[in-house]
Amino acid sequence: MVAKSEHKQRSECPIACALDIIGDHWTLLVIRNLMFLGVHEYKDMLKMEEQISSSILSNRLMKLQNEGLVDSLPHPGSQRRKLYYLTVKGKELIYMMTELVIWSNNYLETVNIPEDKKRLIENAPERFIKLTLKELDEWEQQCVKT
């Protein structure tokens with residue numbers, strides 16, 4: 001198996017280079033948790049139905065932080081815990097992530113999207129994006145002291 005870091009060493013293809021960072025399903029699910037589900041704690045990510053292992057979750061969070069897509073801050077209730085959130089760079093993935101949701105909604109039978117969000121995705125995806133970004137900004141205003 002080719003190491004993902006080799007893509008950018010062998011190719012200047014933007015897709016290959018992006019896949020070096022977000023090219024596995026665990027990474028996209030971590031981004032999904034932060035972007036769409038409001039899940040910001042490590043322990044809560046471990047409880048998600050996909051059952052990511054703690055070692056993979058730790059690895060993906062560290063990788064996303066190193067790439068500047070995710071940042072963390074101390075949990076207000078415990079010094080040993082952290083809250084994770086998307087940076088501006090990470091939030092820019094909302095357009096791609098929304099397109100994945102739209103594609104899945106159109107072509108996969110087993111997709112479960114809350115009805116209010118499904119209506120927005122089907123009828124006004126740009127509004128869905130705007131509302132999601134607003135929710136992320138509101139969370140940051142509450143939790144991130146800059």
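The values are calculated or read from the model by the stated rules, or taken from the named source; none is laboratory data. Treat the numbers as computed from the prediction; the structure is a model and nothing was measured. Here the Cβ is made from the backbone with ideal geometry for all residues, glycine too, and neighbour counts use every protein chain on show.
Quick look at the numbers
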{"item": "Qualifying residue in region 35-43 (condition: crowded, with 17+ Cβ neighbours inside 10 Å and farther than 18 Å from ILE94 by Cα)", "result": "yes"}
{"item": "The one condition in (1) at pLDDT below 90; (2) surrounded by 13 or more Cβ atoms within 10 Å (Cβ to Cβ); (3) among the aliphatic types (A, V, I, L, M) that ILE15 fails to fulfil", "result": "(2)"}
{"item": "Subset of region 46-63 [in a helix (DSSP H, G or I) and polar (S, T, N, Q)]", "result": "SER54, SER55, SER58, ASN59"}
{"item": "Some residue of region 132-142 being at pLDDT 90 or above and over 17 Å from HIS40 (Cβ atoms)", "result": "no"}
{"item": "Matching residues, region 64-96, being outside any strand (DSSP E or B) and either surrounded by 18 or more Cβ atoms within 10 Å (Cβ to Cβ) or aromatic (Phe, Trp, Tyr) (or both)", "result": "LEU64, LEU69, GLY90, LYS91, LEU93, ILE94, TYR95"}
{"item": "From ASN123, ASN59, residue being polar (S, T, N, Q), modelled with pLDDT of 90 or more and surrounded by 11 or more Cβ atoms within 10 Å (Cβ to Cβ)", "result": "ASN59"}
{"item": "Scan of region 97-134 for residues that are among the hydrophobic types (A, V, I, L, M, F, W, C) and part of a loop (DSSP other than H, G, I, E, B), ordered by number", "result": "LEU108, VAL111, ILE113, ALA124"}
{"item": "Residue pairs meeting the criteria (Cβ under 8 Å; at least 6 apart or on separate chains; first at pLDDT 95 or above, in region 19-36; second among the aromatic types (Phe, Trp, Tyr))", "result": "LEU34/TYR84; LEU34/TYR85"}
